[in-house]
Amino acid sequence: MSYPQPGAAPTPPPPVCPRHPDRVSYVRCQRCGRPTCPECQRPAAVGIQCVDCVREAAARTPSNRTIFGGVVRQGRPVVTLTLIGLCVLSYVLQQVSGTWTRDLLFAPVVGAQEPWRFLTSAFLHAPNQPFHLLFNMVALWSVGPFLEQAFGRWRFAVLYLLSALGGSVMFLVLAPFPEGWVTGLYGASGAVFGLFGAVLVVLRRVGRSAGTIVGIIAINAVLGFVLPGVAWQAHLGGLVIGAALGAIFAYTPRERQQVAAIGASVGALILLVAVPVVLYSQHGFL
């Protein structure tokens, strides 16, 4: 009597990575159990996880934020260091180029045709006075990292740039026409005073003493009227914009911080564009 002999069992196909089906992988993710190739593997506390599970876990983990909405980050203040680096690089270019300062400084008479000067002038300093650069960079470093951590990177960058723009606009507004419109302006002081205004508000908000900042502002206000060549108008413009934005960033309830910050930044930019347009139109430059 004969019995049928069973055939050989079919060999299952080798496991492949779902993201890269052409790659065989015998390593499986500890979370989902799927095969994962070396490119998609991420080391975990125990074993290996796939890149999809790591991304999903990160999306579910709430970010650690300050009371002002800034993401708490470890490491160096990237934006502050970048701004300092740009100012130092620009100062070097001022020394080696005969046209760098002339082409980028702001003067009301050229602002209508070359509006970028409203901002680029904040990255220039007196070519023959290195202490001008040094004092502004020390001031930026003294408050920049604190505000960058408190507000987050993008809001700190917007605060700095709009304060710089506010300094140039205030210089334009207060310059007597026509003799004052040919006076040049450069320096990061307007932007730095914007940071002073913002940090003053933040310290008040958290109940800390702001006496040092008030003293610095007062001293510089006096020096602006005593020392020749100090653009107190730019200091004032930066201070007003910085304090206004800082107040909105600091006092808006947490659930509306993002929307309020975007709205305030856009509103400030519109105002700082509209004011020069009106002035230039009145004097026939547009």
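No value in this document is a laboratory result; all are computed from the given coordinates. These numbers come from a predicted model, not from an experiment. For neighbour counting, all protein chains shown are included, and Cβ atoms are generated from backbone atoms with ideal geometry for every residue, glycine included.
Size of region 160-286: Rg and Dmax of its alpha carbons, in Å, are 15.8, 49. With the highest mean first, a sort of the peptides 159-171, 67-79, 102-114 on other beta-carbon atoms found within 10 angstrom per residue produces 159-171, 102-114, 67-79.
For region 144-212, the normalised intensity computed at q = 0.26 Å⁻¹ comes to -1.11 (log10 of I(q)/I(0), Debye sum over alpha carbons, equal scatterers, no solvent). For region 64-138, averaging the sequence separation of C-alpha pairs within contact (under 8 Å, six or more residues apart) and dividing by the residue count gives a relative contact order of 27 percent.
Taking the alpha carbon gyration tensor of the chain, multiplying each eigenvalue by 5 and rooting it gives semi-axes of 56, 22, 18 Å, largest first. Counting only alpha carbon atoms, the long axis of helix 211-226 and the longest principal axis of the chain meet at about 40°.
For the chain, the longest principal axis of the Cα atoms and the long axis of helix 257-282 meet at an angle of about 40 degrees.
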